[in-house]
Amino acid sequence: MHTGKIKKLVRDRGFGFISDTDGREVFFHQSSLVEVRMEALNEEQAVEFDVENSPKGPRAVNIKIATAAA
């Protein structure tokens, strides 16, 4: 599982970009959100996600709001 922050949200189109801890920017679609809706996300919010390859490059899937370590 990767971690990063929401870099940009395009709510009206249902997608955005995550800046991961390795410095790369990863695309995501709202259909890849788990237990959270697009409207609840904010730029700079910490998230956890998996990355899969798509025809247009890496894509974030299984996106969840990051939980604080205990």
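Computed from the coordinates by the stated procedures, all read-outs in this text should not be read as laboratory data. From a predicted model like this one, the values you see are computed outputs, not experimental measurements. Every residue, glycine among them, receives a Cβ derived from its backbone with ideal geometry; neighbour counts consider all protein chains shown.
Please work out the Cα center distance from segment 1-31 to segment 38-61, rounded to the nearest Å.
4 Å
Could you calculate the FRET efficiency of residue 35 with residue 3 from 1/(1 + (r/R0)^6), where r is the beta carbon distance between them and R0 is 22 Å, rounded to 0.05?
Given R0 = 22 Å and the Cβ-Cβ separation, E is 0.85.
For the chain, take every pair of Cα atoms, bin their distances at 5 Å starting from 0, and report each bin as a whole percent.
Per 5 Å bin, starting at 0, the Cα pair percentages come out as 4, 18, 34, 27, 13, 3, 1, 0.
Just need the relative contact order of the chain here, percent rounded to a whole number, with Cα pairs under 8 Å and 6+ apart.
33 percent
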